[in-house]
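The next block holds one structure in the form of structure tokens; read it before the comments.
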Amino acid sequence: MVRTVITFGTFDVFHVGHLRIIERAASYGDRLVVGVSADALNRVKKNREPVFTEGERLAIVGALKAVDEVFVEESLELKRHYIEKYSADVLVMGDDWAGRFDELTDICEVVYLPRTPAISTTALIEKISNG
Ligand code: C2G
């Protein structure tokens, strides 16, 4: 039996914290599916335009060795639907979301992994714009 892992994120201005969570997520199974937030979802969630478009973010995440399949995550409320659609056995999320998806434990395992310290898209945008 193939064990499928699913994870979600915006993955804007792709950095090593993103890479590490994707690689750790992949280690929980045989196949990793990643939901990449739509531009519209990102506007609602973070109140800003992503630096890279959803097409670009999908291409970057989809090219990673650890990733088998990518799709556009249209809404935060559709996790159950995506887990069923991709037959995921495990949902992996960063611990900034700890506890938020526990209601899904009736259909899959839910794992929260610690974030990589001291790096974020927001900090990178600030660093780049301040020169
Ligand atoms: N991450 C991490 N370490 C960092 C930064 C991010 O481990 N230093 C993880 C986050 O915890 C998340 C993933 O990388 O699991 C993607 O991060 P974001 O792009 O910030 O994702 P977010 O906007 O939180 O989207 O449905 C849930 C959302 O789509 C998650």
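Would you say LEU104 is modelled with pLDDT of 95 or more, open to solvent by less than 80 Å² (accessible area, probe 1.4 Å), within 12 Å of the ligand (Cβ to nearest atom) and within 21 Å of ASP12 (Cα to Cα)?
The answer is no for LEU104.
Output the residue which, of all residues in the stretch 1-46 that are more than 10 Å from the ligand (Cβ to nearest atom) and small (Gly, Ala, Ser), is most open to solvent (accessible area, probe 1.4 Å).
In this case the residue turns out to be SER27.
Is it the case that GLU69 is modelled with pLDDT under 95 and open to solvent by 30 Å² or more (accessible area, probe 1.4 Å)?
no
Within the stretch 24-46, how many residues turn out to be more than 18 Å from ALA118 (Cβ to Cβ) and assigned to a helix (DSSP H, G or I)?
Final tally of qualifying residues: 10.
State the number of residues belonging to the stretch 100-121 that are more than 20 Å from HIS18 (Cα to Cα) and of a type outside the set (D, E, K, R).
Total meeting the criteria: 4.
Testing PRO117 on (1) within 9 Å of the ligand (Cβ to nearest atom); (2) part of a helix (DSSP H, G or I); (3) without any contact (Cβ under 8 Å) to a residue 12 or more places away in the chain, one condition comes back false. Which one is that?
The number of the failed condition is (2).
Mind checking which pairs have a first residue in the stretch 56-70 that is touching a residue at least 12 places away in the same chain (Cβ under 8 Å) and a second that is surrounded by fewer than 17 Cβ atoms within 10 Å (Cβ to Cβ) and among the small types (Gly, Ala, Ser), Cβ under 6 Å, 6 or more apart or different chains?
So the pair list comes out as VAL70/GLY62.
Pick out the one residue from GLU49, GLU126 that is more than 12 Å from the ligand (Cβ to nearest atom), part of a helix (DSSP H, G or I) and modelled with pLDDT under 95.
When all the criteria are applied, what remains is GLU126.
Regarding the stretch 70-81, can at least one residue be identified that is away from the ligand (no atom under 12 Å from the Cβ), of a type in the set (Val, Ile, Thr) and either closer than 25 Å to ARG43 by Cβ or assigned to a loop (DSSP other than H, G, I, E, B) (or both)?
Yes, the stretch 70-81 contains a residue that is away from the ligand (no atom under 12 Å from the Cβ), of a type in the set (Val, Ile, Thr) and either closer than 25 Å to ARG43 by Cβ or assigned to a loop (DSSP other than H, G, I, E, B) (or both).
Consider VAL61 carefully, then state whether it is surrounded by 14 or more Cβ atoms within 10 Å (Cβ to Cβ) and in contact with a helix residue (DSSP H, G or I) (Cβ under 9 Å, 6 or more places away or on another chain).
yes
Being buried (at least 18 other Cβ atoms within 10 Å of the Cβ) and touching a Leu at 6+ places or on another chain (Cβ under 7 Å) is the filter here; which residues of the stretch 72-91 pass it?
Hits for the stretch 72-91 are GLU73, LYS79, ILE83, LEU91.
The values are calculated or read from the model by the stated rules, or taken from the named source; none is laboratory data. It should be emphasised that the depicted structure is a prediction, and the values quoted were computed from it without experimental measurement. Positions of Cβ are generated from backbone atoms using ideal geometry, with glycine treated the same way; all protein chains shown enter the neighbour counts. Areas reflect the complete protein model, heavy atoms only, side chains present, ligands, DNA and RNA absent. Shrake-Rupley method; radii C 1.70, N 1.55, O 1.52, S 1.80 Å.
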